[in-house]
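Data first, discussion second: the structure below is written as structure tokens.
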Amino acid sequence: MSMPTVLTYLSFSVYRHHHCGGGGRLLPSSPFFLPLKPLSLSPSIALHNPFSSPSISPQQVLLNSEETQVDVDKEDPLSATGFDESFNFDESFDSTELKKFETPVIEVSELEDIPEQWRRARLAWLCKELPAHKTPTMVRILNAQRKWLRQEDGTYIAVHCMRIRENEAAFRVYKWMMQQHWFRFDFALATKLADYLGKERKHLKCREIFDDIINQGRVPSESTFHILIIAYLSSPGPSVLDEACSIYNRMVHLGGYKPRLNLHNSLFKALLGKTQGSSKHFLKQAEFIYQNLTSSGLEIHRDIFSGLIWLHSYQDVVDMERIAALRAEMRSRGIKESKEVLVSVLRACSKDGNVEEAERTWSKLLCIDGSPPSQAFVYRMEVYAKIGEPTKSLEVFRRMQEQLGSTSVAAYHKIIKVLSKSQKLDLADSIMSEFINSGMKQLIPSFIDLLGMYSVAGLHEKLESTFLRYCEVCHPNLTVFNIYLDSLVHTGNLNLAEEIFNEMRGNVAIGVNSRSCNSILRGYLTSGEYVKAEKIYNLMRQKKYDIEIEFSLMERLDYVLSLREKVVEEPIRLKLTPEQREVLMGLLLGGLQIRSDEKRRLHAIQYEFNEESRIHSFLKGHIHDKFHEWLGSHDMLVDSTADIPSSFTTISHSYFTFYADQFWPNGRPCIPKLIHRWLSPRVLAYWYMYSGYRTSSGDILLRVKGSSEGVVNILKALKSKSLDCRVKKRGRVFWIGFLGDNATFFWKVVEPFILDELKELLKAGGDSDGSLESQHINFYSGSESDEKNSGYSDTDTS
């Protein structure tokens, strides 16, 4: 099928809607019409530009648009260094291009040229009626016209819907046309529709048509590639950036297009727009964009060079030659090295142990800024630690205190880590005391380093006193308790070790893992407590933990197990505990997904966590351990909480059938009719931790998807528990708000089940945790259920 090349100016006449008695049949001979202005369908001229204003994330929630947000993420204590690690672009980086794209033109007849009067009347009625209905009604109306509706008629209706900016209706008409036996693929129509949907941020629908074009053996137009990439970049979601990169690469390789400068820059900015932990994986993509900019002869902004060096400096293995080449290219283009570039070079030197280059860079940094940023001092400390000179690191630390007049959390973390590794006991302990007395938070990493130092040195009494000091000033932490538990087992203090292990199991904020169980198992086998050892073995078998003990103790364990009556050992039957059931229900209310097979016999729980959320960074480790025995073998094999992926899945199992039928019937989220029976404080707590938000004013919001009837059942159940709240519908999502004193009362109900690390972030009242963006939700106004008028877009309003 050849691409249409003839330009047809479209002139529409839309007929008014007349009803007649006896069932409202059409009057085919009614002479009514309303002339409209000629239509020019050039996707380069947007009907309206949704990208002119910042995209609204589904997590942007506020009750008052004038409230001030506190961006705590700029000082994220969970980052490796404690300071802002996202790349900051210059304001001059953004660019716009007004040049139009060349796009195919739709060939469609004018309404006046259709010879049959009855056909003109019916088309006019459909053009007026279809946009007013939702998908099921629209499909029924179209199905009723099958006897006479043809390809040209469907094209006319779809184009008319685009003309009046009803692009959703045009999409539904187009998808209906594809199912008809007479359908012929129309490249021009598909291109225009995809472009219009992309400009409205409907990236999933735009992608669907994009894939249809490729499946037809055609190459999408440059405009479709461009608009789809921007639509992905402007939409929320965990994988939109990956998809944008994939489309960009296909635009170059499949389409043979040369993307425009603003597209290169927009994608590059999105790659570096996250924290270093997320951005560093996009190095190859960033290099590919740089290569395309170079080969196209386009102007390369200085932030492209700075951003590439920034990305290279965060790699686990730093390519110093590549960084040197980029710096040389900057000099050849007359671009001066900024303070940010020099700090990135220092960071790279700290990983490579290149002292000479680090000192040269430090000298340049002092020439630019007499008061270098605190992270530059941290990197210098690390450089000297790499070459085994911890005293030089300490000198840099003291010089930082003198020069800046203050000390950052990251600097304390680094110097204590350096001194602990080099077994400088007195110095490490002295600076730790200084750190505690400073009143700063985030002490746990330094306590872990200190406890590890005493463990290696065999100073178990000193380790115990440090552990007791830790308990006075910090929340419980699994790693800290594991180090202390190992020490108790090593010294033979089994009674206290047993008490600590039981405390860990009973405290939801700590828990136990494979290391904890192996440690107490080692203690029981060493002391001859075989009955208790067998119980721990059964626990580890149930949780699917690996046995990691010495060979001699393993032989002893085999002997203990052989003493039991010789019966065929049945495989462990997985079964959710009462606590796991409540946790799962809370997460399902918060949006957790269930995947089912075709026959809906086996189901798997899909855990998704926002890698940018500080709350989710804690919660995912807790959930991973809580449901460890249900995870697949790949998701079990993680060395630490930092290695846990942001998405993991349980095995497919029939045990989840109940939850699939209640919360995900027909593959869509639903609120169970019996939800009022299951809203326990623990369920509410996990719902709040997973998808709830605390606003800057201290109010609490809970997010839920489902029917209005289901939300009413939830409200009644909360009311019966004396929890007063308000509800607001935004798009397809309901927000349940606990305002003022009601938020405080809600917090008292759920607080016992909130993880200790999250209590400061989620407690009612006070400042927002900083991980939220803002969206105005006024619980005192009328309904906002109209999806078109809502600021909420749940990934895509597909």
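Observations on the model:
- Number of positions in the range 358-370 that are farther than 21 Å from His413 by Cα and small (Gly, Ala, Ser): 2
- Note on the range 664-734: enclosed strands (runs of 3 or more DSSP E) holding 3 or more residues that are open to solvent by less than 50 Å² (accessible area, probe 1.4 Å) and in contact with a Ser or Thr (Cβ under 9 Å, 6 or more places away or on another chain) are 700-705.
- Options Val383, Val396, Val355, Val378: the member that is open to solvent by less than 40 Å² (accessible area, probe 1.4 Å), under 23 Å from Asp319 (Cβ atoms) and in contact with a Phe, Trp or Tyr (Cβ under 8 Å, 6 or more places away or on another chain): Val355
- Test: residue in the range 403-421 that is assigned to a helix (DSSP H, G or I), surrounded by 17 or more Cβ atoms within 10 Å (Cβ to Cβ) and touching a His at 6+ places or on another chain (Cβ under 9 Å): no
- Residue check for Ser266: touching a residue at least 12 places away in the same chain (Cβ under 8 Å), under 19 Å from Lys100 (Cβ atoms), open to solvent by 40 Å² or more (accessible area, probe 1.4 Å) and not in a loop (DSSP other than H, G, I, E, B): yes
- Some residue of the range 607-629 being modelled with pLDDT under 85, closer than 16 Å to Lys544 by Cβ, among the small types (Gly, Ala, Ser) and assigned to a helix (DSSP H, G or I): no
- In a residue-by-residue description of the range 301-313, the property of being more than 24 Å from the chain's Cα centre (by Cα) and outside any helix (DSSP H, G or I) applies to at least one position.
- Per-region count, the range 358-375, residues assigned to a helix (DSSP H, G or I) and either charged (D, E, K, R) or buried (at least 18 other Cβ atoms within 10 Å of the Cβ) (or both): 9
- Among the residues here, Val219 qualifies as aliphatic (A, V, I, L, M), open to solvent by 10 Å² or more (accessible area, probe 1.4 Å) and part of a loop (DSSP other than H, G, I, E, B).
- Search result, residues across the range 665-709 that are of a type outside the set (A, V, I, L, M) and free of Cβ contacts under 8 Å to residues at least 60 places away in the same chain: Pro665, Asn666, Arg668, Cys670, Pro672, Lys673, His676, Arg677, Gly706, Ser707, Ser708, Glu709
- Residue in the range 187-203 that is part of a helix (DSSP H, G or I), open to solvent by 30 Å² or more (accessible area, probe 1.4 Å) and of a type outside the set (Gly, Ala, Ser) present: no
- Options Val567, Val583: the member that is part of a loop (DSSP other than H, G, I, E, B) and either modelled with pLDDT of 85 or more or surrounded by fewer than 12 Cβ atoms within 10 Å (Cβ to Cβ) (or both): Val567
- Whenever a residue of the range 128-145 is assigned to a loop (DSSP other than H, G, I, E, B), its partners that are open to solvent by less than 30 Å² (accessible area, probe 1.4 Å) and not aliphatic (A, V, I, L, M), lying with C-beta atoms within less than 9 angstrom and at least six residues away or across chains, give the pairs Gln145/Asp153.
- Single unsatisfied condition, Leu637 versus (1) open to solvent by 10 Å² or more (accessible area, probe 1.4 Å); (2) closer than 22 Å to Gly511 by Cα; (3) at pLDDT 85 or above: (3)
Residue by residue, here is whether (1) over 24 Å from the mean Cα position of the chain (by Cα); (2) at pLDDT 80 or above holds:
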| position | (1), (2) |
| --- | --- |
| Val733 | no, yes |
| Gly740 | yes, yes |
| Lys748 | yes, yes |
| Asp767 | no, no |
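The values are calculated or read from the model by the stated rules, or taken from the named source; none is laboratory data. Bear in mind that the values here come from a model prediction, so they are computed numbers and not experimental data. Cβ: placed from backbone, ideal geometry, glycine included. Neighbour counts: every protein chain shown. Each accessible area value is taken on the protein alone, full model and side chains, heavy atoms only, with ligands, DNA and RNA left out. Shrake-Rupley method; radii C 1.70, N 1.55, O 1.52, S 1.80 Å.
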